[in-house]
Ligand code: UGA
């Protein structure tokens, strides 16, 4: 099938490359000529595991091409709208990009078009889209509008496309439903060998949920809001654990072992970020207000999340007292691992608060430094997490990258000014950290002091006194390069 995808962002580009990989002819369009030029040269505008491989091999096979929205709309019989819906100041989604694509479709298309809304939109947008297409339909084309929400997580989007928990189709016509089933046939039948082998679950039938467009749109906002609610809930429980000296890991295990609740999304931390949960939650709250529904539950979810950065900074201050002049190593800037995305990243929010307190920041992230630098040029970017730790009064773990899990403790101990690890993602066991001479503070557990009997030299060793760090050597900003 000749498919067009409008918007080459995280969702659009992943969707386009994956649709091409399952055998469709795909035109991926973007209104940004610079982005198109990059893509045509085989360079991706962001980091997403496995996506570069998929883009390259489908471009080489002639199944994936990049072009302007006008050309894509003229040629595609099925058009996926994957443009951004950023938040307006009042929290509502800005639908101007969707509206603009609708007008281009109405004025450019020369035959039947299946218009598939994949961008995250408020309920009733598909109906609005249908009306708008009808109004501007200068060529008298026949069309259907379908809502097909995406559930792709950044960092594992390619695997999520090929192995979804479900596919949701909101459609009002049998023709549209039949076309959608045809588009997703290889995925629905699990009849396709996914290029992300390590994530390939055994073949099974993927649930296909066919419904009206309003219901499909609600599935998306309700799913993201529910997941956000789970995170804020576990963060509240983590606070209770800290207050009484309980262990959040055990509590989460106890809660999550109930299959009705489930174990996922019960990791406490510094709050959820990214370009989906914070904005979708806000947008859903606004939708509730407009519909006259009481969504105060979701407002609380948001408030709890906003407090997380403040609480984390309070933890740092509890340990270091005054932050002015202190050097803090920040490990991780992206809003989650395996992405270079720093939009609404809790790490950036925390760094801004630490800077306001007068702290000096030495940061490292395996992929997100280039993007972070655009937002926070005033901090020092380092080439490794070890380099970031040099002369640090504390190490702050803000994103759970895999490479932070296994540490050369000796090297670290020699680098820091003071052996204190404050972990916003609960990456380590207190035993491991304290046995290596570091004081450990994490989320939802009691802080752990150094266990000197485990250190080399055992009980002879004196407790390390809190000392004032020597001034950081002429802080150097390393050139940051985009990782391939
Ligand atoms: C989320 C959803 O998971 C996807 O299903 C959805 O398609 C996507 O939004 C979207 O709407 O486009 P994403 O934002 O990429 O995906 O990342 P998640 O893995 O959901 O994580 C979101 C945030 O929650 C991150 O900051 C993460 O650190 C945080 N989180 C997640 C926790 O703090 N604790 C957890 O237990 C899980």
> Looking at this structure, is residue 228 surrounded by 15 or more Cβ atoms within 10 Å (Cβ to Cβ), within 9 Å of the ligand (Cβ to nearest atom) and at pLDDT 95 or above?
Replying inline: yes
>> Exactly one condition in (1) closer than 25 Å to residue 420 by Cα; (2) more than 11 Å from the ligand (Cβ to nearest atom); (3) touching a strand residue (DSSP E or B) at 6+ places or on another chain (Cβ under 9 Å) is false for residue 347; which is it?
In response: (2)
> Of the numbered conditions (1) touching a helix residue (DSSP H, G or I) at 6+ places or on another chain (Cβ under 9 Å); (2) surrounded by fewer than 18 Cβ atoms within 10 Å (Cβ to Cβ); (3) farther than 21 Å from residue 128 by Cα, residue 77 satisfies every one except a single condition; which is it?
Replying inline: (3)
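One line per residue, one yes/no per condition, for (1) within 16 Å of the ligand (Cβ to nearest atom); (2) part of a loop (DSSP other than H, G, I, E, B):
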residue: 79; (1), (2): no, no
residue: 85; (1), (2): yes, yes
residue: 89; (1), (2): no, yes
residue: 119; (1), (2): yes, yes
residue: 122; (1), (2): yes, yes
residue: 133; (1), (2): no, no
>> Can you go through 328, 354 and tell me which one is part of a helix (DSSP H, G or I) and either touching a strand residue (DSSP E or B) at 6+ places or on another chain (Cβ under 9 Å) or surrounded by fewer than 24 Cβ atoms within 10 Å (Cβ to Cβ) (or both)?
In response: 354
> Does residue 409 satisfy the criteria of being within 16 Å of the ligand (Cβ to nearest atom) and at pLDDT 95 or above?
Replying inline: no
> Out of all the residues in the stretch 135-163, which are more than 12 Å from the ligand (Cβ to nearest atom), assigned to a loop (DSSP other than H, G, I, E, B) and in contact with a helix residue (DSSP H, G or I) (Cβ under 6 Å, 6 or more places away or on another chain)?
Replying inline: 136, 137, 138
> How about the stretch 400-427: which of its residues are assigned to a loop (DSSP other than H, G, I, E, B), within 27 Å of residue 250 (Cα to Cα) and in contact with a strand residue (DSSP E or B) (Cβ under 7 Å, 6 or more places away or on another chain)?
Replying inline: 419, 424, 425, 427
> If you go through the stretch 84-112, how many residues are surrounded by 15 or more Cβ atoms within 10 Å (Cβ to Cβ), within 21 Å of residue 179 (Cβ to Cβ) and in contact with a strand residue (DSSP E or B) (Cβ under 7 Å, 6 or more places away or on another chain)?
Replying inline: 3
> Within the stretch 201-224, how many residues turn out to be away from the ligand (no atom under 16 Å from the Cβ), closer than 28 Å to residue 53 by Cβ and surrounded by 15 or more Cβ atoms within 10 Å (Cβ to Cβ)?
Replying inline: 1
> Are any residues in the stretch 359-371 under 22 Å from the mean Cα position of the chain (by Cα) and either free of Cβ contacts under 8 Å to residues at least 24 places away in the same chain or under 21 Å from residue 326 (Cα atoms) (or both), and if so, which ones?
Replying inline: 363, 364, 365
> Which of the residues spanning the stretch 240-274 are under 24 Å from residue 446 (Cβ atoms) and more than 14 Å from the ligand (Cβ to nearest atom)?
Replying inline: 240, 241, 242, 243, 244, 245, 246, 247, 250, 254, 257
> In the stretch 135-149, what residues are modelled with pLDDT of 95 or more and more than 16 Å from residue 78 (Cα to Cα)?
Replying inline: none
> Restricting to the stretch 9-41, what's the tally of residues that are under 14 Å from residue 70 (Cα atoms) and either in a helix (DSSP H, G or I) or within 16 Å of the ligand (Cβ to nearest atom) (or both)?
Replying inline: 2
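The values are calculated or read from the model by the stated rules, or taken from the named source; none is laboratory data. Quick caveat: nothing in here was measured; it's all calculated off a predicted structure. Using ideal geometry, Cβ is built from the backbone for each residue, glycine included, and neighbour counts are taken over all protein chains shown.
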